[in-house]
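**Q** Can you keep this structure in mind? I'll have questions shortly.
Just so it is clear, none of the values below were taken in a lab; they were calculated from the coordinates. None of these values were measured; they are calculated from a predicted model. Because the Cβ atoms are built from the backbone with ideal geometry, glycine has one as well, and the counts that use them run over all protein chains shown.
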Amino acid sequence: MNSSSVQGYARVGGVLLLVSLVAGGFGEFYVPTKLLVSADPAATARNIATSASLFRLGFAGYLVEAVCDVALTLIFYVLLKPVSKNLALLAAFYGLLGTAVFAFAELFYFATSLLLSGAEYMKSFSLDQLQVLALLALKVSGSSAGVLMVFGGVGSLVLGYLIFYSGYLPRFLGALYVAGGLGFVVRNFALVLAPAYAFDWLLFPMTLAMLAAALWLIVRGVNLDKWADSGASGN
């Protein structure tokens, strides 16, 4: 791969990381805080009804994030396979599986709109029951994404290792990805084994890692001299 191609991959990867961060932050954090009232199904249903566009934009944010993450899986594989093709492929498998599981979990988010649609086939449920089911669907959506984030976490651990030892990307980015992956894995098992200790701040290292990697790839890209030294330019 020539130098212009690898820098092109790096720049596109940086942009996609930023888009994924913004779309994911909007869909996963901003929208739920505006719509979901944890212990009040009726209030949650009213918020969704009065902010239907925001609700659908939240799901669109999930879709954009997932599309970006699939492309990023390929980009990181191309950039890091010179370090270890097998480990880069393993990271790609974990990344794709994590994205697929995440996408499935978000179907429960969209199911909320079906439960509150007022469709004729829903008339066998009372309004109170539909509101409770809608709130449950939102909670299942959020919980599923959190309980199954171990796949993305392990993939990030492998990515961090590859970045750290690549030589053509800075070691601090690798360290950040390792910290982010550990945060995901620890929070995942905390949600399963000890929910009281599943602190939200465990997600922060991954956010920092993605933001730092995005800015580095856009502004600096790959160190082309070290990329050539690694023999990657001949792949």
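**Q** Per DSSP H run of at least 4 residues, take -39500 (n - 2.57); add these up for the chain, divide by its residues and hand me the 222 nm value, nearest 500 deg cm²/dmol.
**A** Values: 10 runs with 181 residues, N = 235.
Helices in the chain give a 222 nm mean residue ellipticity of -26000 deg cm²/dmol.
**Q** While we're looking at this one, here's another question. Compare PRO195, PRO170, PRO82 in a GNM of the chain, Cα atoms joined below 10 Å, and give the one with the largest fluctuation.
**A** Looking only at PRO195, PRO170, PRO82, the biggest GNM fluctuation is shown by PRO195.
**Q** Something else: Applying 1/(1 + (r/R0)^6) with R0 = 45 Å to the Cβ-Cβ distance of ARG11 and ALA43, what FRET efficiency is obtained, to the nearest 0.05?
**A** In this case the efficiency is close to 0.50.
**Q** What angle, in degrees between 0 and 90 and rounded to the nearest 10, separates the Cα long axis of helix 41-50 from the longest principal axis of the Cα atoms of the chain?
**A** So the inclination is approximately 70 degrees.
**Q** Report, ordered by chain and residue number, the lysines lying within cross-link reach of LYS226, taken as a straight Cα distance under 28 Å and ignoring same-chain residues fewer than 8 apart.
**A** LYS81, LYS85
**Q** Amide H to amide H, which residues 5 or more places from LYS81 or on other chains are under 5 Å from it, using H placed in the peptide plane?
**A** Here nothing satisfies the definition.
**Q** Against the longest principal axis of the chain, how steep is helix 204-219, in degrees 0 to 90 to the nearest 10, with axes from Cα atoms?
**A** 50 degrees
**Q** Quick one, which of (i) 26, 20, 18; (ii) 24, 22, 17; (iii) 39, 17, 14 is the actual semi-axes √(5λ) of the Cα gyration tensor in Å calculated for this model?
**A** It is the value labelled (iii).
**Q** Put +1 on the Cβ of each Lys and Arg and -1 on the Cβ of each Asp and Glu in the chain; which of GLY167, LEU133, TYR9 then has its Cα farthest toward the positive end of the dipole?
**A** GLY167
**Q** Also: Taking segment 60-165, which trypsin sites (Lys or Arg not before Pro) meet the DSSP loop condition and have no more than 10 other C-beta atoms within 10 Å? Write out the running numbers ahead of the final one.
**A** Details: sites: LYS85, LYS123, LYS139; in loops: LYS123.
Hits after loop and neighbour filter: LYS123.
**Q** What do you get for the angle between helix 3-25 and the principal long axis of the chain? Use alpha-carbon atoms, 0 to 90 degrees, nearest ten.
**A** With rounding to tens, the tilt is 20 degrees.
**Q** Work out the length of the dipole vector of the chain about its Cα centre, built from +1 on the beta-carbon of each Lys and Arg and -1 on the beta-carbon of each Asp and Glu, and round it to the nearest 20 debye. Display every interim value, and only then the final one.
**A** On the way: 12 positive and 10 negative charges, 63 e Å.
With Lys and Arg at +1 and Asp and Glu at -1, about 300 debye.
**Q** Continuing with the same structure: Only counting other Cβ atoms within 10 Å, I'd like TRP227, TRP201 sorted with the fewest neighbours first. Kindly include the intermediate steps, with their values, before the conclusion.
**A** Numbers: TRP227 23, TRP201 8.
Taking fewest neighbouring Cβ atoms as first place, the list is TRP201, TRP227.
**Q** What residue among ALA66, ALA23, ALA194 shows peak mean-square fluctuation when the chain is described by a Gaussian network model with Cα springs under 10 Å?
**A** Its mean-square fluctuation being the largest, the pick is ALA194.
**Q** Within segment 185-234, which trypsin sites (Lys or Arg not before Pro) sit in a loop by DSSP and count at most 16 neighbouring Cβ atoms inside 10 Å?
**A** Working: sites: ARG187, ARG220, LYS226; in loops: ARG220.
Passing sites in segment 185-234 are ARG220.
**Q** Fewest Cβ neighbours within 10 Å first, please rank MET149, MET122 accordingly.
**A** Working: MET149 25, MET122 15.
Sorted ascending by nearby Cβ count, the order is MET122, MET149.
**Q** Still on this model: All other residues with a Cβ under 14 Å from the Cβ of TYR168 taken together, and with Lys, Arg as +1 and Asp, Glu as -1, what is their net charge?
**A** Details: positive: LYS81, ARG171, ARG220, LYS226; negative: ASP225, ASP229.
It works out to a net charge of +2.
**Q** For segment 74-120, which chymotrypsin sites (Phe, Trp or Tyr not before Pro) are in a loop by DSSP, counting at most 10 other Cβ atoms within 10 Å?
**A** Numbers: sites: PHE76, TYR77, PHE93, TYR94, PHE102, PHE104, PHE108, TYR109, PHE110; in loops: none.
Within segment 74-120, no chymotrypsin sites (Phe, Trp or Tyr not before Pro) qualify (loop, at most 10 other Cβ atoms within 10 Å).
**Q** At R0 = 35 Å, how high is the FRET efficiency between THR50 and SER124 if r is their beta carbon distance? Nearest 0.05 is fine. Don't skip to the answer; put the middle values down first.
**A** Values: r = 26 Å, r/R0 = 0.73.
That gives a FRET efficiency of 0.85.
**Q** TYR165 to VAL70: FRET efficiency via 1/(1 + (r/R0)^6), r the Cβ-Cβ distance, R0 22 Å, to the nearest 0.05?
**A** On the way: r = 25 Å, r/R0 = 1.14.
The pair TYR165/VAL70 has a calculated efficiency of 0.30.
**Q** Report the full-extension gain for the segment LYS34 to SER113: residue separation times 0.36 nm, less the Cα-Cα distance, to one decimal in nm.
**A** Numbers: separation 79, 0.36 × 79 = 28.44 nm, distance 1.57 nm.
Extra length available between LYS34 and SER113 comes to 26.9 nm.
**Q** Another question, if that's okay. Between PHE204 and LEU57, what length in nm is gained on full extension when 0.36 nm per residue of separation is reduced by their alpha carbon distance? Provide the component values of the computation, followed by the final result.
**A** Values: separation 147, 0.36 × 147 = 52.92 nm, distance 2.37 nm.
The span from PHE204 to LEU57 would gain 50.6 nm if fully extended.
**Q** How much length, in nm to one decimal, is gained on full extension between PHE93 and ALA196, taken as 0.36 nm per residue of separation minus their Cα-Cα distance?
**A** Numbers: separation 103, 0.36 × 103 = 37.08 nm, distance 3.07 nm.
Value of the extension gain: 34.0 nm.
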